[in-house]
Structure formats: structure tokens, C-alpha cells
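Trainee: Mind looking over this structure? Questions follow.
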Amino acid sequence: MPVGIDDVARAAGVSTATVSRALRGLPDVRASTRVHVQQVAQSLGYAPTPSAVSLASGRTRTIGLLTPWVARWFHSNVIEGACRSLRGAGFDALLSSFEIHDDATRPPVKLDVLRRRVDGVLVAGMTMSPVEVAMLESLAVPLVYVGSGPPDQVLVHVDDVATARRATEHLLELGHTRIGHIGGYPTEPTPWASEVERAAGYAAAMRAAGLPPDPALMAYGRFERTGGRSGAAELLDRVPDLTAVVADSDEMAFGVIDVLRERGLRAPDDLSVIGIDGHPLGDLVGLTTLAQDAVSLGEVAARLLLEMIGGASVDREAVFPTTLLDRGSTCPVPEPADTTGSEDLT
């Protein structure tokens with residue numbers, strides 16, 4: 001039979017209340033008694049059950065982790081980072097993922113299932129409607145957003161506007177002017193979505209270079225490889241003088257490179273391609289990218305959430321840098337071929 005708290009109390013010669021206080025680190029227990037109880041509990045192999053801890057402390061030691069996808073690079077790395085921090089603090093994650101359709105619509109998130117089941121909520125790379133944001137706030141637990149989030153909530157992210165602008169400026173500095181942009185979705189329910197800010201960064205760089213907005217240069221790829229393929233095919237067919245593409249994620253950029261290979265073309269000789277994320281498989285295809293540390297985003301977000309659960313005040317925003325990794329998929333605009341022939345002067 002498993003060892004219970006009564007067994008520890010009898011073996012230690014103290015009450016069950018003293019065992020509970022000693023093992024939970026509560027005050028009003030002499031240091032010598034605390035050490036004695038801990039030693040007895042360890043020798044008997046006693047460990048309090050999560051339900052017992054929850055009842056005693058009023059906490060579940062569980063956080064809700066909301067994310068639209070688990071398999072995609074950014075989301076899986078944020079989840080990994082968050083779980084590292086949670087494990088170290090003795091917390092568990094209650095993971096919920098949601099189906100998102102190609103047009104960015106999805107069923108409403110059922111958030112009531114989290115009520116009284118979690119001590120806090122981490123929202124990883126997920127755009128939520130104003131109604132859903134209000135429902136989250138009604139849970140009355142600490143909230144932290146990763147990637148993008150409402151301006152009045154705690155947010156851990158990279159500067160999406162500056163990142164997309166830097167990616168576009170990299171191509172402009174190489175002499176490109178016919179630069180396509182493959183974003184996430186054409187419509188989003190909130191202005192703070194990552195794809196909205198990255199599109200703004202691309203547009204700002206083009207305007208600063210004296211290049212007016214051109215709808216023909218815009219395509220969308222849903223932040224996935226297959227979407228990047230369709231976006232690249234659309235741009236190449238519609239813009240014959242296209243020389244470069246900014247993809248708002250590396251996974252979409254992989255799709256661009258797929259299409260180039262299928263058409264007998266290469267990056268950067270025929271089309272310069274730059275992504276955003278720093279996906280490790282970018283090394284294999286030589287993809288130039290603006291890299292972010294998604295694991296660290298998840299680690300820091302979970303640590304902030306734990307601090308808030310503990311009653312601490314935290315900064316509203318933690319902004320991580322991105323780094324340009326030039327892996328060879330971009331190059332200067334090729335010089336136009338010389339079609340003039342030499343004249344015979346004899």
C-alpha cells in the first residue's frame with residue numbers, strides 16, 4: 001500500500017498537521033522538526049499527491065497553455081521552453097490546441113473548461129477575438145501572451161514590425177525593388193496579430209525606399225510550407241520581373257524554394273529569398289533569415305507567469321532581438337544581359 005501522511009506522522013511522532021506544514025515549507029514549524037519530518041518522509045518514500053497539494057494550498061500547480069498548433073516550429077519551441085520553466089517549478093501544463101481553417105477562421109475557443117483548473121494561462125502564437133480575450137480575463141488568473149497579444153496584457157515577443165522591415169531592407173540594400181511579400185492571412189480579427197505587424201514592416205521599408213504599395217506583390221501562405229508554395233507560384237506567375245521575396249516565416253520560405261526547384265530555378269541566382277524565424281532546417285537549404293529564439297520566449301513567458309501567480313509584479317513587455325543569418329539565399333540584383341553587338345567599322 002502507498003505510504004500516507006498518517007504513516008509519516010506516526011513514524012515522526014508528530015501530528016499530521018505538522019507533517020503537512022513541514023513538507024509544504026509553511027511557517028510555525030521548528031527547523032529541527034522540519035528536517036526530521038523531511039527525513040522520515042524520504043525514508044518511507046512518501047510523496048504528497050497533486051490533489052492533496054492543491055487542496056492544501058488552494059492552487060492546482062497547473063497552467064493552461066493555449067496554442068493553435070503543436071507541430072509548427074515556432075509553437076513547438078515555445079511549448080518546449082515553457083515546459084522547461086514549469087517543470088523546474090513543479091508545475092504542469094494543460095495543453096489545448098485548436099483547428100484553424102485556411103481562411104484563418106476557427107470555432108470559438110471554449111475557455112470555461114479552464115475555470116478553477118489552472119493557476120494561470122499562457123497563450124502561445126494565437127490571435128484571439130476581443131470576445132475571447134474578455135473571456136480569458138474573466139478567469140481571474142494571471143495571463144501571459146507569447147508572439148502577439150493585446151496591448152494591455154503581459155507580452156513576450158520579438159518586434160514584428162522591425163523584423164519584417166529589416167528583412168525587406170536587406171533585399172533593398174542588395175538593389176532589389178521588385179520584392180514580393182508572402183504574409184500569413186489576408187484578414188485577421190485583431191490589429192495586433194503578427195502577420196498584420198510584419199506586413200506593416202514590409203510596407204514601411206518599401207515606402208522608405210520610394211516604392212509605392214503594389215497589391216500585385218502581395219500573397220499569403222498561412223505560415224506553412226504548402227501555403228508558401230501556393231504564394232510563390234502566384235507571385236511568379238503574376239509578376240514576371242520579380243527578383244526577391246520576403247516570407248513571413250521560414251516554413252513559407254521553404255515552400256518558395258520548393259517551387260523554384262520545380263521550375264528549374266534557384267535561389268538566389270533567379271530569385272532572392274529571405275524568411276523569418278531561424279528554423280534549424282534552414283541550414284540544409286541555405287535560407288537567409290531573421291532568427292528568433294522561440295525556446296527562450298517560452299521559458300521567459302512561463303517564468304513571468306509563475307512570478308505573477310506568486311503575487312509579483314512584472315513588466316508588461318519583454319522584447320527579444322532577431323538576428324540576420326545570411327546563409328546564401330539572397331544576392332545582389334543580377335546585371336541585365338548585354339544584348340548590344342559590336343559594330344563592324346571596316
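Every number in this text was worked out from the coordinates using simple rules, so none of it is lab data. Since the model is a prediction, treat every value here as computed from it, not as a measurement. FYI the Cβ positions are ideal-geometry reconstructions off the backbone, even for glycines, and counts take in every protein chain you see.
Trainee: Hey, in the GNM for the chain with a 10 angstrom Cα cutoff, which one of R222, R266, R61 fluctuates hardest?
Mentor: Judging by the Gaussian network model, the answer is R266.
Trainee: Tell me the mean residue ellipticity at 222 nm calculated for the chain from its helices only (DSSP H runs of n ≥ 4, each -39500 (n - 2.57), averaged over every residue, nearest 500).
Mentor: One gets -12500 deg cm²/dmol as the mean residue ellipticity at 222 nm.
Trainee: Okay, next question. Put one equal scatterer on each alpha carbon of the chain, apply the Debye formula with no solvent term, and list log10 I(q)/I(0) at q = 0.12, 0.13 1/Å to two decimals.
Mentor: Here the Debye-derived log intensity ratios amount to -0.87, -0.96.
Trainee: Which distance in Å, rounded to a whole number, links the C-alpha centroids of the range 262-282 and the range 163-238?
Mentor: 15 Å
Trainee: Kirkwood-based Rg over Rh for the range 68-172 (C-alpha set), two decimals?
Mentor: When Rh is taken as the Kirkwood radius, the ratio is 1.00.
Trainee: For the range 161-233, just say rounded, prolate or oblate: build the C-alpha gyration tensor, square-root its eigenvalues into a ≥ b ≥ c, call rounded for a/c under 1.5, and beyond that prolate if a/b exceeds b/c, oblate if not.
Mentor: oblate
Trainee: Now for a separate question. Only Cα pairs within less than 10 Å get springs; with that Gaussian network setup on the chain, which residue of R34, R207, R263 has the largest fluctuation?
Mentor: Per the Cα network of the chain with a 10 Å cutoff, R34 tops the list.
Trainee: Give me the base-10 log of I(q)/I(0) for the range 237-277 at each q in 0.19, 0.29, 0.35 Å⁻¹, Debye formula, one uniform scatterer per Cα, rounded to two decimals.
Mentor: Those come out to -0.50, -1.08, -1.25, one per q.
Trainee: If you don't mind, another one. Taking the Cα centre as origin and putting +1 on Lys and Arg beta-carbons and -1 on Asp and Glu beta-carbons, what dipole magnitude results for the chain, to the nearest 20 debye?
Mentor: 2280 debye
Trainee: Could you list the GluC sites (Glu not before Pro) in the range 177-246 that lie in coil according to DSSP, counting only those with at most 16 other Cβ atoms within 10 Å of their Cβ?
Mentor: none
Trainee: Right, here's the next one. Pull out the extension gain between V35 and V333, defined as 0.36 nm times the separation in residues minus the alpha carbon to alpha carbon distance; nm, one decimal.
Mentor: In short, 100.1 nm is gained.
Trainee: Let me ask something else about it. Along each of its three principal axes, how wide is the spread of alpha-carbon positions in the range 168-295, in whole angstrom units, largest first?
Mentor: Here the Cα extents, ordered largest to smallest, are 38, 37, 25 Å.
Trainee: Does the range 192-231 come out rounded, prolate or oblate by the C-alpha gyration tensor, with a ≥ b ≥ c the root eigenvalues, rounded set by a/c under 1.5 and, if not, prolate when a/b is larger than b/c and oblate if not?
Mentor: oblate
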